[in-house]
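See below for the structure under consideration.
The values are calculated or read from the model by the stated rules, or taken from the named source; none is laboratory data. Model, not experiment: these values are computed from the prediction. As a convention, Cβ positions derive from the backbone with ideal geometry for all residues, glycine included, and neighbour counts pool all protein chains shown. Side chains included, ligands, DNA and RNA excluded: accessible areas come from the protein's heavy atoms. Shrake-Rupley method; radii C 1.70, N 1.55, O 1.52, S 1.80 Å.
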Amino acid sequence: MTKQELTCDDILKELGAKQYRPVYYLMGEESYYIDLIADYITNNVLNETEKEFNLTVVYGADVDVATVINAAKRYPMMSEHQVVVVKEAQAIRNMEELSYYLQKPLLSTILVICHKHGTLDRRKKLAAEIEKVGVLFESKKIKEAQLPAFISSYMKRKGVDMEPKATAMLADFVGSDLSRLTGELEKLIITLPAGQRRVTPEQIEKNIGISKDYNNFELRSALVEKDILKANKIIKYFEENPKTNPIQMTLSLLFNFYSNLMLAYYAPDKSEQGVANMLGLKTTWQAKDYIAAMRKYTGVKTMQIVGEIRYADAKSKGVKNSSMTDGDILRELVFNILH
């Protein structure tokens, strides 16, 4: 496996086996994986006594590259390693000057650079030099379709099972902010009744504040089933509880679903596995809704629906709309989807 292909799990596995690299440059849009690796190194490489003299944490806004290099060049005291963590490294100017240190990095130093909300230009010399001696890791935002698989595997590692509907409710409600999502998952684990290791929709309703009957997951199901009464009941609930059910979230989720449905028509294999592969879904149960929807909607109708959702989104932002409320916009959209 080349260094470019290292995943977060690969890096954590290496660290767990005490295989340390002199430099870890962690960058990208998704803070969660950057924090996960940096925290693992901070918490596990040194014991509590060693940390007193050998753990240095600095912030990009307070230091320059020379300060970072000087810290990295120090030798550890009464320890095999020293750890230097640079947080918010995107604030450091002239990062390319790190090249001087990378020519001969100190093997007793583990330098961890956390560059959030952006990336190094991989075409530049610095990226190649980091890869030669250490790890250059890009933490990418995960797609909405990958969220249920992320939730399932996170909970499995904690020894907790999660019902598919509960997983979908949470993924729809929180979205792809993984730091917030894992916070909500930890809250669910703590609030599980003694002896219970399975999260149900009822627990999501009770502890996260999402209604198990009136949510975007249920609205999508009602539209797939063409259940007019159920869809309108959910919209009425959304209208009465706008803070927990903002229209933009609903429109975004519907847009993703019907855009994916358009792609599903092009799957050479229309089985659950075939549709899951076409849409990049990690689990086949997510494909069931698309297969059910393909039986109810034609490709032409689906294309029209995608247009209607775009139109509703524009109206919700005040375009060609002087008097319609969010509830009116959703009601009209649901009517156009179902008829």
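Straight-line cross-link partners of Lys158 among the lysines, defined as a Cα under 22 Å from its Cα and at least 8 positions apart when in the same chain: Lys13, Lys187, Lys206, Lys282. Counting only Cβ charges, +1 for Lys and Arg and -1 for Asp and Glu, the dipole size of the range 179-219 around its Cα centre is about 180 debye. Computed from backbone phi with θ = phi - 60° and the Karplus coefficients 6.51, -1.76 and 1.60, the 3J(HN,Hα) list for the range 331-339 is 4, 5, 4, 4, 4, 5, 5, 8, 10 Hz; x is used for glycine and proline. Ordered from largest to smallest accessible area (heavy atoms of protein chains, 1.4 Å probe), the residues Arg220, Arg93, Arg122, Arg310 come out as Arg93, Arg310, Arg122, Arg220. By a 1.4 Å probe calculation restricted to protein chains, Lys13 has an accessible surface near 150 Å², given to the nearest 10.
Only Lys, Arg, Asp and Glu carry charge here, each on its Cβ (+1 for the first two, -1 for the last two); on that basis the chain has a dipole of about 640 debye about its Cα centre. Of all DSSP bridge pairs formed entirely within the chain, close to 5 percent run antiparallel. Dividing the summed helix terms, -39500 (n - 2.57) for each DSSP H run of n ≥ 4, by the number of residues in the chain produces a 222 nm estimate of -16500 deg cm²/dmol to the nearest 500.
When +1 charges are put on Lys and Arg Cβ atoms and -1 charges on Asp and Glu Cβ atoms, the dipole computed for the range 67-197 relative to its Cα centre reaches about 240 debye. Here the Kirkwood formula puts the hydrodynamic radius of the chain at 23.0 Å, using every distinct Cα pair.
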